Amino acid sequence: MSAFVGKYTDELIKTAKSLATPGKGILASDESTGTIGKRLSSINLENVESNRQALRELLFTAPGATEYLSGAILFEETLYQKTSGGTPFVDLLLAGGVVPGIKVDMGTVEIAGTNGETVTQGHDSLGARCAKYYAAGARFAKWRSVLKVGAAGGEPSELAVRLNAEGLARYAAICQVNGLVPIVEPEILTDGGHDIKACAAATERVLAAVFKSLNDHKVLLEGTLLKTNMVTPGSDSPKARHALAPFNNNKIVVLAIHHLFNFVHAPYNIYVYVYICKIIIHLLNALRCVTHAMQQVGAEVIAEYTVAALRRTVPPAVAGVVFLSGGQSEEEATRNLDAMNKLGVLKPWTLSFSFGRALQQSTLKKWLGKEENVAAAQAAFVARCKANSEATLGKYAGSGAADADASESLYVKGYKY
């Protein structure tokens, strides 16, 4: 396969390398009007343009944030917005060394004849829109495809995999013709009760199909980034649920000892058998909790499965790989990314982040839409950027007593972007 060579080839490679700078990542601030409305609603703010602009300005003007960011994905509205002082957001980002990007897909539609699987739309006007966005200052784009793992192993279907892989490749080729570095984003949803092995198998199938299609369309891989999910168990998998707190395990053991004490001092009658039954039940419950805790999938396991999937499917020519957070808590996403970069195996690409919720949740809760909270909210945002920057280098030591907001799960079943 000979990759397409056009007038933007050198620029595409340069931009892709900049986006994949070690120690930096991409801010996903491309939430649609409806999605950002949910974020604003969570802090009792109305979904109007002034509030959307204020949130984006808070992020883009955070002192020190650009030290950890290589790019920012924007929604079309944001691409043309300005700061309260009149500076276009695009100019502000460029001045800080952050490459502006743009979300270009038009959402998903259901594939007829499937079990609720979807394909992403937006190709018809894509060429003209890419040219317009390039003229406005954007230098990369993002297109998200969504696939799910079925309970009986039926999904993702071959049809859904093929259609989404083809759609991503068509998008990537159109972007490159118009000077935009394509970020291809095939996401395996967390929804479901599948285990980590099922997620790994689905991820490998999808990535293999995507890169086959990219090659068929002669996409320049050196001018392309992959954005993908981490390989994790499904949200309803027993290994994905939180283990019972140690206090609860201790409480069960204490109850068992209590009943044992009563048994020793009880008269030898029917109550003896009741105490024996209670002791057995509580000790079995304690054993169940310990076993359940041991089954939790740790960051190291997630890292091993994720990196293995990438090594089996992603060509080394790809400029970089960035991860979506997929509803993980801020802290969990950071620790998993750090574990990947700590793995002692060959990784020919930069492994970095392209987080939305996992960079913004703590910030939102500290801001609450109030001017007097802006400094604290920006400090929280920069702290998350710095933590993830360290994770891209495998140098994240953890935050000690992590902020409660940073440890809060961001998973929402059936989440719509």
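Bear in mind that the values in this text are calculations on the coordinates, not laboratory data. Since the structure is predicted, the reported quantities are computational estimates derived from the model, not experimental observations. Here Cβ is always computed from backbone atoms with ideal geometry, including for glycine, and neighbour counts include all displayed protein chains.
For the range 60-107 and the range 10-34, what is the separation of their Cα centres, given in Å?
Centre-to-centre (Cα) distance: 11 Å.
Could you name the aspartates and glutamates whose alpha carbon sits less than 13 Å from that of K17, not counting residues in the same chain fewer than 8 places away?
Hits, sequence-local ones excluded: E222.
Given H placed on each backbone N at 1.01 Å, which residues far from V231 in sequence or on other chains put an amide H within less than 5 Å of it?
T306
Pull up all non-local amide H partners of E185: gap of 5 or more, or a different chain, and H-to-H distance under 5 Å with H placed in the peptide plane.
W143, S145, K227
At a 10 angstrom cut-off on C-beta neighbours, averaged per residue, how do the peptides 362-372, 18-28, 209-219 rank from highest to lowest?
Descending mean neighbour count gives 18-28, 209-219, 362-372.
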